[in-house]
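The numbers here are math on the coordinates, done by the rules we state, and not lab data. Worth saying up front: this structure is predicted, and the values here are computed from it rather than measured. Please note: Cβ atoms are built from the backbone with ideal geometry, for glycine as well, and neighbour counts cover all protein chains shown.
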Amino acid sequence: MELIAVLFLLVFFPTIFTKAPIFLSSKECIDKLASILPKDKPFRFIDLGCGIGHVLNHLSKKFPNGVFTGVELSPVLALIAAFLNRKNRNVSIRLTDLRRVNLNDFDYIYVFLSPFGNTKILDQVCALRGKIIISNSFPFETLKESKIIRGDQPLYIYIR
């Protein structure tokens, strides 16, 4: 019983700070996300709050020309993400706060955060130029999206 309590704390303790529960992107959403990425040129993609890393796992296999990075605050989820992507040479997982990542290093920034989580990175997003930001289900309240891809989980696309 104690082991279950410790695992529960390790997985969910970061939500106290992030106010973002674990959201998993659907298969339909991942397919729509894949339709945005370039098939014929290299690119850098980051998943902020990557959870178990399943988005990175699917996309990295479809796009060997991409370099994929996942950022996760929960040690257990980051460990699961690293394990799930262990054979994908174009994926790395970082155990850190997403606000500590230089988003200018990436071409595509994917987030599936709560509205509270989106406000924490809003200043970073507003400062970006030449980047594509994709927010799953929750738009950035003060930004006007360039496009919305409708589906079971809408994708709000911001071209900065």
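The calculated FRET efficiency for Glu141 paired with Thr96, based on their beta-carbon distance and R0 = 30 Å, is about 0.75. Rounded to whole numbers, the Karplus 3J(HN,Hα) couplings from phi for region 98-107 are 4, 6, 9, 9, 7, 5, 5, 6, 10, 8 Hz, using 6.51 cos²θ - 1.76 cosθ + 1.60 with θ = phi - 60°, and x at Gly and Pro. Annotation: extensible slack from Arg160 through Ile148 equals 2.8 nm (criterion: 0.36 nm per residue apart, minus Cα-Cα distance). Dividing the radius of gyration of the alpha carbons in the chain by their Kirkwood radius gives 0.95 for Rg/Rh. For each pair in Lys41/Lys61; Lys61/Lys144; Lys32/Lys131; Lys39/Lys87, compute the distance between the two Cα atoms and list the pairs where it is over 26 Å. Those over the limit are Lys61/Lys144. Descending by average beta-carbon neighbour count within 10 Å, the peptides 142-149, 84-91 line up as 84-91, 142-149, the highest first. For a straight C-alpha distance cut-off of 18 angstrom, the aspartates and glutamates reachable from Lys62 (same-chain residues fewer than eight places away being disregarded) are Glu28, Asp31, Asp40, Asp47, Asp107.
The mean sequence distance of close C-alpha pairs (under 8 Å, at least 6 residues apart), as a share of the length of region 2-159, puts its relative contact order at 22 percent.
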